[in-house]
1. Residues that are modelled with pLDDT of 95 or more and out of contact with any helix residue (DSSP H, G or I) (no Cβ under 8 Å at 6 or more places or on another chain): find the helices (runs of 4 or more DSSP H) completely inside the stretch 1-106 holding 2 or more of those.
2. What is the number of the single condition among (1) loosely packed, with under 15 Cβ neighbours inside 10 Å; (2) not in a loop (DSSP other than H, G, I, E, B) that Ala143 does not meet?
3. For residues that are under 14 Å from Ala213 (Cβ atoms) and of a type in the set (D, E, K, R), scanning just the stretch 173-199, find the one that is surrounded by the fewest Cβ atoms within 10 Å (Cβ to Cβ).
4. Which members of the stretch 174-207 meet the condition of being more than 18 Å from Pro161 (Cα to Cα) and away from the ligand (no atom under 11 Å from the Cβ)?
5. Could you please let me know if Lys149 is over 25 Å from Glu221 (Cα atoms), charged (D, E, K, R) and more than 14 Å from the ligand (Cβ to nearest atom)?
6. Looking at Val57 and the list (1) surrounded by 19 or more Cβ atoms within 10 Å (Cβ to Cβ); (2) more than 15 Å from the chain's Cα centre (by Cα), which single condition is not satisfied?
7. Looking at Gly217, is it out of contact with any strand residue (DSSP E or B) (no Cβ under 6 Å at 6 or more places or on another chain) and either within 14 Å of the ligand (Cβ to nearest atom) or modelled with pLDDT of 95 or more (or both)?
8. How many residues are crowded, with 21+ Cβ neighbours inside 10 Å and closer than 10 Å to Asp192 by Cα if we restrict to the stretch 158-167?
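The values are calculated or read from the model by the stated rules, or taken from the named source; none is laboratory data. Predicted, not measured: the structure shown is a model, and the values here were computed from it. Cβ placement follows ideal geometry from the backbone for every residue including glycine, while neighbour counts extend to all protein chains displayed.
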Amino acid sequence: MKSRLVAVLLALLAGAALSFTAPASADVVAADGCYTWNRTLGEGASGEDVRQLQIRVAGYPGEGGVLALDGQFGPGTKAAVTRFQQAYGLGADGVAGAQTFAKLYELQDDDCTPVNFSYGELNNCNSDWSGGNVSAAQAKANALVSMWKLQAMRHAMGDRPIVVNGGFRSVACNNAVGGAPASRHLYGDAVDLGAGSQGFCALARQARHHGFAEILGPGYEGHDDHVHVAHRSGQFWSAPSCGI
Ligand SMILES: [Zn+2]
């Protein structure tokens, strides 16, 4: 966000020097340290800018849904954008324009993580994301998507901090903690949550609305002391003590 402010100031200075009219608001000069969208996006649009948007609204697919991160702005993306807009009190038309992008800039750090989560939190195994079941770059990209899902979940639960106990594991780290051989932690998209102020069952129940195809919690073997949320193909939710 800092570099966005710098960009706004620079733009204002440039405008003054060239006798241009200064932009009316920061939304117009939508520069951001992580990623800047340069056009309004609605149904039918496609491209990398759509995919970047999809990553950031991946936590709004509706209950049991998983938003495809395919760069194609279809009905699912429109619905996710609409839910995001509703969550933040924006005009909810399912079209991502200046207001929606401004909110996303406000919510993201310069490394593209949502403001309330960090790469470090999601990797207490190693420093370079290597040694898992996917490339280091893919593991880190997967973790980023999980963080945006968690940001949506956090906001839906009153913006109280969510306790993250860990995320990515290399094969060595996974073996050391006795993780399952096919654990999603090896792919970077699994996150283990502490009880926090919300409690395990509230977290597990809420996770169903934010794009987590895998939810394991109290009552499922080995998950009485944390809630595990992750991506996977197909849905597997089990937290019997929470009625899931
Ligand atoms: Zn886990």
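1. On the way: elements: 2-17, 48-56, 75-87.
Passing ranges, in order: 48-56, 75-87.
2. The single condition Ala143 does not satisfy is (1).
3. Applying the filter and picking the extreme gives Arg184.
4. Within the stretch 174-207, Asn175, Ala176, Gly178, Pro181, Ala182, Tyr187, Gly188 meet the criteria.
5. Values: over 25 Å from Glu221 (Cα atoms): no; charged (D, E, K, R): yes; more than 14 Å from the ligand (Cβ to nearest atom): yes.
Spelling it out, it is not the case that Lys149 is over 25 Å from Glu221 (Cα atoms), charged (D, E, K, R) and more than 14 Å from the ligand (Cβ to nearest atom).
6. Single failed check for Val57: (2).
7. On the way: out of contact with any strand residue (DSSP E or B) (no Cβ under 6 Å at 6 or more places or on another chain): no; either within 14 Å of the ligand (Cβ to nearest atom) or modelled with pLDDT of 95 or more (or both): yes.
For Gly217, the condition - out of contact with any strand residue (DSSP E or B) (no Cβ under 6 Å at 6 or more places or on another chain) and either within 14 Å of the ligand (Cβ to nearest atom) or modelled with pLDDT of 95 or more (or both) - is not met.
8. Applying the first criterion (crowded, with 21+ Cβ neighbours inside 10 Å) to the stretch 158-167 yields 162, 164, 167.
Next, from what is left, pick out any that are closer than 10 Å to Asp192 by Cα: 164, 167.
Residues meeting the conditions: 2.
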